[in-house]
Amino acid sequence: MDEFSFIDNIKPNTYRQNKLIKGIGDDAAIFRMGNEDTVIAVDTFVEGVHFTKETLEPWQIGYRLMAANLSDLAAMGAAPLFYLASVVIPDELPDADVLQIFSGMKKLADVYGVDLIGGDTTSGGLLTLSLTIIGSVPVGKARLRSDARPGDLVFVTGTLGDAGAGLDLLLNNIPVNCPEAEKRKLIKRHQLPTPRVEFALKLREIGRVALNDISDGLANELNEIAASSNVLIEIDDALVPVSKALSHFPKERLDYYKYFAGEDFELVGTVAKSDFPKVEEIAAEAGVRVTEIGFVSYNKERNGKVLLRKNGVLKTLRKKGYVHRKSREKS
């Protein structure tokens, strides 16, 4: 059973608490307490699955975990407030490494004024970290995957594929003739991603925006928006922004980096065509690159799907980015 099948199996059909606004199905949950909605997200990192000591220093592990959670809140349009951190510590892990992991969390949390308010520690066989982040958003301003509408433009922030290429460089997976300065930039994008918090908060000036954070790959995130909104999304490969450094990599890896590698923690969204100039203005104010890559339409037979136009050919872009607990085929 893969990650998405597992979620479908445990997802409640109904909720009992009337304070709950949005349960399972977006980047975070929302419940209403007073004049603002509370937004909660959680991420878990397991050694050997999400990171290795060969690719990340202890403080970078904590930093990336915080970045992943902040990116989830950004995708919901929520301001981060508090976090709780829990860790399973192997007996052989030095105390100094544990403290460094938490210092990495704090380093990024301090940028956005997020307070640590609790957590848990226990011993175990594998280094495992779980971070729960809590934020808030004005009532009616949460950004949901289900808010895409026919006629919308599709946009992304930043450049895509850098983190995947950076990981390949760290693991020496492929030979590449790339300038050292470019290599360092790609590696930094993997080790120290930048969540688009400020940009997402400024988008509150716009009435309706559908958002998703690019943690599991652009293909996954777009398919989630298409399915949640019951629309057809079409994007153009030539418009998807990539950094100059990726030109040094084998062409057969570029599609993987752009659509499936994930962990760039950029944002992908849809917005009414008339509102896109405002998105561009907000991006400029936040110092973030934003690029139009496609459009949303309605097609009764194809709603819930994503189409990729490449070299004049239109093909289905399937949901096959990073998936936890991929199904194991029986031999």
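The values are calculated or read from the model by the stated rules, or taken from the named source; none is laboratory data. No experiment lies behind these values; they were computed from the predicted model shown. Glycine gets a Cβ as well: all are built from the backbone with ideal geometry, and neighbour counts include every protein chain shown.
To keep it simple, each residue is scored yes or no on (1) within 26 Å of residue 301 (Cα to Cα); (2) assigned to a strand (DSSP E or B); (3) charged (D, E, K, R); (4) outside the structural domain of residue 268 (by TED's automatic domain parsing).
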site	(1), (2), (3), (4)
164	no, no, no, no
170	no, no, no, no
176	no, no, no, no
190	no, no, no, no
202	no, no, yes, no
225	yes, no, no, no
228	yes, no, no, no
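Given the conditions (1) closer than 24 Å to residue 221 by Cα; (2) of a type in the set (Ser, Thr, Tyr); (3) out of contact with any Gly (no Cβ under 9 Å at 6 or more places or on another chain), and given that residue 130 satisfies all but one, which numbered condition is not satisfied?
Of the numbered conditions (1) closer than 24 Å to residue 221 by Cα; (2) of a type in the set (Ser, Thr, Tyr); (3) out of contact with any Gly (no Cβ under 9 Å at 6 or more places or on another chain), the odd one out for residue 130 is (3).
Within the range 242-262, restricting attention to residues that are in contact with a Lys or Arg (Cβ under 7 Å, 6 or more places away or on another chain) and surrounded by fewer than 23 Cβ atoms within 10 Å (Cβ to Cβ), which residue is farthest from residue 299 (Cα to Cα)?
That would be 242.
Mind listing whichever residues of the range 267-313 are surrounded by fewer than 19 Cβ atoms within 10 Å (Cβ to Cβ) and of a type in the set (Gly, Ala, Ser)?
272, 274, 284, 286, 287, 297, 304, 312
Conditions (1) within 18 Å of the chain's Cα centre (by Cα); (2) surrounded by 15 or more Cβ atoms within 10 Å (Cβ to Cβ); (3) in contact (Cβ under 8 Å) with a residue 24 or more places away in the chain; (4) part of a helix (DSSP H, G or I), marked per residue:
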| site | (1), (2), (3), (4) |
| --- | --- |
| 100 | no, yes, yes, yes |
| 104 | no, yes, yes, yes |
| 109 | yes, yes, yes, yes |
| 118 | no, no, yes, no |
| 125 | no, no, yes, no |
| 193 | yes, yes, yes, no |
| 199 | yes, yes, yes, yes |
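Quick test for you: out of 83, 63, pick the one residue that is in contact with a Leu (Cβ under 7 Å, 6 or more places away or on another chain), surrounded by 17 or more Cβ atoms within 10 Å (Cβ to Cβ) and at pLDDT 95 or above.
Going through 83, 63 in turn, just one is in contact with a Leu (Cβ under 7 Å, 6 or more places away or on another chain), surrounded by 17 or more Cβ atoms within 10 Å (Cβ to Cβ) and at pLDDT 95 or above: 63.
In the list 166, 217, which residue meets the criterion of being under 18 Å from the mean Cα position of the chain (by Cα), on the phi > 0 side of the Ramachandran plot and surrounded by 24 or more Cβ atoms within 10 Å (Cβ to Cβ)?
Criteria check complete, one pass: 217.
Can you tell me how many residues within the range 134-171 are among the charged types (D, E, K, R), modelled with pLDDT of 95 or more and under 16 Å from residue 211 (Cβ atoms)?
5
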